[in-house]
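All remarks here apply to the structure that follows.
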Amino acid sequence: MLLLGKIGLGFLGTAVVAGAVVSSEGFIHVNVHEKQTNGTHISLVVPAMIVPVTLKFVPNHYLAEGGRDVRRYLPVIDAAISGLADCPDGPLVDVTDADEHATVVKSGGSIVVDVDDPDETVHVSVPLHATQSAIDEIASAGGPI
């Protein structure tokens, strides 16, 4: 019986460590709500680590052209993401139209985009660290950075 307890504790410890690793980069949250009757409501929360890991499985020839394009601007992208990471939380963009409202906010290491218009409400939150990892993965497609 003691052996089963040790095995169970080993599995539990492994699950806790795996959960910590997977959630270490935060979570991507996408929420879309169509306002019409019987409209679609999608809410998706996934570990941000899944994006760069998934990109490792995409064949390089699919990312090569995008990687070349991104490589050209990589110093600017790196500086922008680093600057955003260092700046305090708060609004970056706020646009209000007659019947639409869009905001981009830095909040807790993430960029949060909220759009509200007559047809739908959209909320997207993406951690900056995961964004940097995904861009680096795309840039490295087809050769070293």
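Across region 109-122, which residue is surrounded by the most Cβ atoms within 10 Å (Cβ to Cβ) among those that are of a type outside the set (Asp, Glu) and out of contact with any Ser or Thr (no Cβ under 9 Å at 6 or more places or on another chain)? Applying the filter and picking the extreme gives 122. Of the residues 78, 99, 114, 94, the single one that is in a helix (DSSP H, G or I) and out of contact with any Lys or Arg (no Cβ under 8 Å at 6 or more places or on another chain) is 78. Being acidic (Asp, Glu) and in contact with a Pro (Cβ under 8 Å, 6 or more places away or on another chain) narrows it down to one of 100, 65, so name that one. After ruling out the rest, the residue left standing is 100. Would you call residue 30 within 23 Å of residue 108 (Cβ to Cβ), in contact with a Phe, Trp or Tyr (Cβ under 6 Å, 6 or more places away or on another chain), at pLDDT 75 or above and not in a loop (DSSP other than H, G, I, E, B)? No: the conditions fail for residue 30. Do we find a residue being modelled with pLDDT of 90 or more, acidic (Asp, Glu) and either surrounded by 11 or more Cβ atoms within 10 Å (Cβ to Cβ) or closer than 19 Å to residue 33 by Cβ (or both) anywhere in region 76-89? Within region 76-89, one or more residues are modelled with pLDDT of 90 or more, acidic (Asp, Glu) and either surrounded by 11 or more Cβ atoms within 10 Å (Cβ to Cβ) or closer than 19 Å to residue 33 by Cβ (or both). Pairs under 9 Å by beta carbon, first residue farther than 14 Å from residue 107 by Cα and in contact (Cβ under 8 Å) with a residue 12 or more places away in the chain in region 73-96, partner outside any strand (DSSP E or B) and among the acidic types (Asp, Glu), six or more apart or different chains? The qualifying pairs are 74/136; 78/136. Quick one: is residue 69 modelled with pLDDT of 90 or more, farther than 19 Å from residue 28 by Cβ and of a type outside the set (A, V, I, L, M)? Criteria not met by residue 69.
Residue-wise test of (1) out of contact with any Lys or Arg (no Cβ under 8 Å at 6 or more places or on another chain); (2) free of Cβ contacts under 8 Å to residues at least 40 places away in the same chain; (3) charged (D, E, K, R); (4) under 25 Å from residue 43 (Cβ atoms).
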residue: 109; (1), (2), (3), (4): yes, no, no, yes
residue: 119; (1), (2), (3), (4): no, no, yes, yes
residue: 122; (1), (2), (3), (4): yes, no, no, yes
residue: 130; (1), (2), (3), (4): yes, no, no, yes
residue: 137; (1), (2), (3), (4): no, no, yes, no
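The values are calculated or read from the model by the stated rules, or taken from the named source; none is laboratory data. Source: prediction; values computed, not measured. Glycine also receives a Cβ, built like all others from the backbone with ideal geometry; neighbour counts cover every protein chain displayed.
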